[in-house]
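Input: a single structure, listed below in structure tokens.
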């Protein structure tokens, strides 16, 4: 996959503030002259947004975990092919709220399907797309669930489930510290945004030099 742009992914549990941070980063780097794409998973294309509605609906809370995992992968395949890859190929900064690590953490680890099995199931869907930097907005799920905005059925899982998700994200980061940045999501919002923005700016400078 040709990757002339920069692919930033924001990960974290419920209520970690990913969406707010993503919008702030887009504003900052758009003002600095970067072409940006702000997107999310599941979603980002017409087909993927339709799959999102299905996945997050309470009507399908009894879905088999593998059905769920494969629907996420299907949405991701369309998202990568029609939005992420084209943007990167034009040199854009792509800022994505969740990506494959969420599938691995939620379905692979917390649902017990197996992290490696979920990664394998997503290999084709990724189409070669890999984040240049993944930021984990770390938060104790007990606090995160209290401040989560809106409602989706993922939030209805047990506290132990969400603790497993958090532990998985932190484990991924510990295995590849060059590609991950862990930020305390309970810090003031401006500090969180500044820390991530400064790290991203430094990496973009290296990329362009």
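Of note:
- If you go through the range 20-33 and keep only what is touching a helix residue (DSSP H, G or I) at 6+ places or on another chain (Cβ under 8 Å) and surrounded by 19 or more Cβ atoms within 10 Å (Cβ to Cβ), you end up with 21, 24, 25, 29.
- Looking only at residues of the range 44-86 that are part of a helix (DSSP H, G or I) and touching a strand residue (DSSP E or B) at 6+ places or on another chain (Cβ under 8 Å), we find that the one that is farthest from residue 108 (Cα to Cα) is 83.
- No other residue among 128, 144 is at positive phi and out of contact with any helix residue (DSSP H, G or I) (no Cβ under 6 Å at 6 or more places or on another chain) apart from 128.
- Pair list, Cβ < 7 Å and 6+ apart or interchain, from the range 16-37 residues that are farther than 30 Å from residue 142 by Cα to residues that are surrounded by fewer than 16 Cβ atoms within 10 Å (Cβ to Cβ): 35/90; 35/91; 36/30
- For the range 88-120, the set of residues classified as buried (at least 21 other Cβ atoms within 10 Å of the Cβ) and farther than 19 Å from residue 162 by Cα consists of 88, 93, 94, 95, 96, listed by residue number.
- Among the residues of the range 159-193, none is identified as closer than 21 Å to residue 31 by Cβ and at pLDDT 95 or above.
The values are calculated or read from the model by the stated rules, or taken from the named source; none is laboratory data. If you're wondering where the values come from, they're calculated on a predicted model, not measured in any experiment. Don't worry about glycine lacking a Cβ; one is built from the backbone with ideal geometry, like all the others, and counts go over all protein chains shown.
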